1. Hey, in the GNM for the chain with a 10 angstrom Cα cutoff, which one of 77, 17, 60 fluctuates hardest?
2. Return the calculated 222 nm mean residue ellipticity for the chain, to the nearest 500 deg cm²/dmol, obtained by summing -39500 (n - 2.57) across DSSP H runs with n ≥ 4 and dividing by the residue count.
3. What does the accessible area of residue 7 come to, in Å² to the nearest 10, when a probe of 1.4 Å is used?
4. Given axes a ≥ b ≥ c from the Cα gyration tensor, I'd like to know whether region 3-70 is rounded (a/c under 1.5), prolate (a/b larger than b/c) or oblate.
5. Count the lysine pairs in region 1-116 whose Cα atoms sit under 16 Å apart, keeping only pairs 8 or more residues apart in sequence or on different chains.
6. Hey, any idea what % of the chain's accessible area is carbon plus sulfur with a 1.4 Å probe?
7. Given that just one value was derived from the coordinates, which of [x] 23, 19, 14; [y] 34, 16, 12; [z] 32, 17, 10 is semi-axes √(5λ) of the Cα gyration tensor in Å?
8. Could you do me a favour and compute the accessible area per residue for the chain, 1.4 Å probe, result in Å²?
Amino acid sequence: MRKEDMTVGALLAETASIILVIAYIIFQIMYLYKYPMMTISGMIHIAVIILIYLFFTVLSVYPEWIHRLQANQCKGSIRKYSLRMVRSLKLLLIVGLLIPSIYDVMGKEMRPVYSLILIGILVILVVYYEYQIIRILRNNRK
């Protein structure tokens with residue numbers, strides 16, 4: 001995270017995402033201990049959550065990559081909305097992966113509708129922030 005983008009909210013979101021990723025990894029290790037035949041699957045899940053975290057962290061450092069803007073164009077409200085979108089998506093996706101992991105460790109099965117709800121919330125979040133960013137870009141061109 002760049003120094004200019006550090007706010008209390010950003011630091012809290014980053015701290016929460018780190019804690020949630022660690023919790024997810026712990027639950028995956030517990031699941032592997034409970035069901036040792038799922039070792040490869042569990043390792044893939046751990047690798048995926050780390051890659052997701054790294055991907056969104058890189059995007060939060062370089063939010064101009066989201067819209068293929070120049071660094072000098074991605075400032076002000078555009079940068080603010082881009083960073084909020086990336087941080088919100090990162091937290092929501094990590095929580096969305098953590099909840100089924102908790103259910104797996106408890107030995108319960110989640111309903112398939114959970115995935116649809118999570119995808120719907122992610123899409124709504126992206127559409128909202130993208131609408132705000134596109135609106136600002138259009139107003140800047142006039």
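1. It is 77.
2. Working: 5 runs with 113 residues, N = 142.
Only helices count here, giving -28000 deg cm²/dmol.
3. 70
4. Values: a/c = 6.16, a/b = 2.01, b/c = 3.07.
Oblate.
5. On the way: 3/75; 3/80; 34/108; 80/90.
Final tally of qualifying lysine pairs is 4.
6. 69
7. Checked against the structure: label [y].
8. Details: 9230 Å² over 142 residues.
Spelled out: the 1.4 Å probe surface of the chain, per residue, equals 65 Å².
The values are calculated or read from the model by the stated rules, or taken from the named source; none is laboratory data. The shown structure was predicted, so the numbers you read here are calculated from the model rather than taken from an experiment. Note: accessible area is taken over every heavy atom of the protein model, side chains too, but ligands, DNA and RNA are not part of it. Shrake-Rupley method; radii C 1.70, N 1.55, O 1.52, S 1.80 Å.
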